[in-house]
Amino acid sequence: MVADLISVIVPVYKVEPYLDECIKSISNQTHRNLEIILVDDGSPDRCPQICDDWAKKDPRVRVIHQKNSGSSAARNAGLDIAVGDYIGFVDSDDYIDPDMYRQLLCALKDTTVEACCCSFFRVFDNGRVLADKYAFKTDRIMNVQQAIDASFYKRISNAVWGKLYRRTVFEAVRFPVGETNEDYPVMVPTIIKAKGMALINKALYYYRKRDGSVTSLGHTAPTGAQYLYNNLLLIGEQIAQNGIGCKKSYAFFVARNAFDMALIMEKHKEKLDANFQILLNQYRTMLRKTFCQYIFSKFSSLKDKILCLMIITKTLRLIYRILNKKS
């Protein structure tokens with residue numbers, strides 16, 4: 001095993017307009033000792049060819065072609081063949097700063113924790129780029145509870161991208177195959193395994209916020225909504241089983257996710273089938289139990305606080321019903 005080798009795993013599916021920019025940003029990293037693992041998850045466009053073309057021009061690139069099985073299966077396939085001392089993930093429609101992995105590695109090697117993260121920018125389809133407004137303003141090293149609190153309060157990303165892990169963190173951790181919000185089930189276990197999280201106060205990851213992305217579509221589909229609901233309960237079990245005192249931040253996290261999903265479902269309520277209606281009621285109940293942590297938090301906007309109250313009081317449902325009739 002080569003010293004300080006970083007294995008970067010990229011699950012690839014239907015991102016033809018963005019893939020070349022993504023791979024180029026990884027290939028051009030100032031830290032040159034990389035293993036770039038591109039996992040073509042049965043993409044029906046030109047993505048498989050783009051992956052193969054990169055393998056021909058950059059010897060650090062390894063390509064896996066597999067039958068479409070979802071992002072979790074693609075990430076797991078990458079983990080199974082990775083040989084680096086460190087593991088990183090990049091989503092195939094995103095891109096990264098040329099110095100990201102060098103800075104993450106330097107910060108990680110100076111700590112006793114086994115994971116390090118950076119801040120990120122949101123990139124929208126209209127070209128707008130926004131910094132994460134809730135990000136920390138200084139570098140810091142967080143213990144397990146502090147890192148989980150930060151994840152729940154949106155101070156750091158809930159996802160595995162924008163982070164660097166020692167390979168030991170993923171020795172016994174894999175992503176749940178078939179789920180759309182696959183980062184949530186591994187969020188708490190990886191922080192526990194890493195003994196916390198180091199943070200560098202720089203936005204080095206560019207997260208593309210697309211309306212048609214797997215994340216956007218998955219959370220609004222019936223199965224995606226059910227997976228999210230189940231994972232919110234699972235995360236509660238994980239922190240309880242490990243004796244982690246994050247009750248307030250967990251309540252905020254649950255309320256935030258329940259609010260986001262209930263808001264989408266309320267808007268399309270007239271089109272929902274019976275099972276989806278039941279799930280909407282479950283989200284409403286979840287939100288009622290936790291909304292105080294949301295509306296009194298500095299990490300939620302005034303607009304969202306008002307919308308949250310409207311969902312709970314069913315005022316929003318009435319407004320959408322009136323608007324749907326007018327349209």
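The values are calculated or read from the model by the stated rules, or taken from the named source; none is laboratory data. Quick caveat, the model's predicted, so the values are computed rather than measured. Counting neighbours? That spans all protein chains shown, and the Cβs are built from the backbone with ideal geometry, glycine included.
On the basis of being modelled with pLDDT under 85 and over 30 Å from Val129 (Cα atoms), does Glu270 make the cut? When the stated conditions are applied, Glu270 passes them.
Conditions (1) at pLDDT below 95; (2) polar (S, T, N, Q); (3) under 21 Å from Asn181 (Cβ atoms); (4) surrounded by fewer than 20 Cβ atoms within 10 Å (Cβ to Cβ), marked per residue:
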site: Ala115; (1), (2), (3), (4): no, no, yes, no
site: Leu130; (1), (2), (3), (4): yes, no, no, yes
site: Tyr134; (1), (2), (3), (4): yes, no, yes, yes
site: Asp139; (1), (2), (3), (4): yes, no, no, yes
site: Val144; (1), (2), (3), (4): no, no, no, no
site: Ala147; (1), (2), (3), (4): no, no, yes, no
site: Asn158; (1), (2), (3), (4): yes, yes, yes, yes
site: Gly162; (1), (2), (3), (4): no, no, yes, no
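Is one or more of the residues making up the range 114-136 of a type in the set (Ser, Thr, Tyr), farther than 23 Å from Val254 by Cβ and in contact with a Leu (Cβ under 8 Å, 6 or more places away or on another chain)? Yes: one or more hits. So, Arg256, is that one buried (at least 17 other Cβ atoms within 10 Å of the Cβ), part of a helix (DSSP H, G or I) and under 23 Å from the mean Cα position of the chain (by Cα) or not? When the stated conditions are applied, Arg256 passes them. Taken over the range 46-86, residues that are hydrophobic (A, V, I, L, M, F, W, C), within 11 Å of Val10 (Cα to Cα) and in contact (Cβ under 8 Å) with a residue 60 or more places away in the chain amount to 2.
In the set (1) surrounded by fewer than 18 Cβ atoms within 10 Å (Cβ to Cβ); (2) over 16 Å from Tyr101 (Cβ atoms), the condition left unmet by Leu19 is number (1).
Mind checking whether some residue in the range 173-189 is of a type outside the set (A, V, I, L, M) and in contact with a strand residue (DSSP E or B) (Cβ under 8 Å, 6 or more places away or on another chain)? The answer is no, given that none of the residues of the range 173-189 is of a type outside the set (A, V, I, L, M) and in contact with a strand residue (DSSP E or B) (Cβ under 8 Å, 6 or more places away or on another chain). Candidates are the residues of the range 225-253 that are free of Cβ contacts under 8 Å to residues at least 12 places away in the same chain and part of a helix (DSSP H, G or I); the one that is farthest from Lys298 (Cα to Cα) is Gln241. In the set (1) touching a residue at least 12 places away in the same chain (Cβ under 8 Å); (2) over 18 Å from the mean Cα position of the chain (by Cα), the condition left unmet by Asp91 is number (2). Restricting the range 66-90 to residues that are aliphatic (A, V, I, L, M) and out of contact with any strand residue (DSSP E or B) (no Cβ under 6 Å at 6 or more places or on another chain), the residue that is farthest from Asn28 (Cα to Cα) is Ala73. Return the residues of the range 100-151 that are of a type in the set (A, V, I, L, M, F, W, C), touching a helix residue (DSSP H, G or I) at 6+ places or on another chain (Cβ under 8 Å) and part of a loop (DSSP other than H, G, I, E, B); say none if nothing qualifies. Within the range 100-151, Val113, Phe136 qualify.
Taken over the range 100-121, the criterion of being charged (D, E, K, R) and within 21 Å of the chain's Cα centre (by Cα) is satisfied by Glu114 alone. Per the conditions (1) part of a loop (DSSP other than H, G, I, E, B); (2) more than 24 Å from Asp125 (Cα to Cα); (3) under 21 Å from the mean Cα position of the chain (by Cα); (4) of a type in the set (S, T, N, Q), the sole criterion not satisfied by Gln29 is (3). Filtered by the rule that a residue be small (Gly, Ala, Ser) and assigned to a helix (DSSP H, G or I), the range 32-88 gives Ala55, Ser71, Ser72, Ala73, Ala74, Ala77, Gly78.
Does Leu316 qualify as being modelled with pLDDT of 85 or more, part of a helix (DSSP H, G or I) and of a type in the set (A, V, I, L, M, F, W, C)? No.
Scan the range 5-50 for residues that are farther than 27 Å from Arg166 by Cβ and of a type in the set (A, V, I, L, M, F, W, C) and the total you get is 4.
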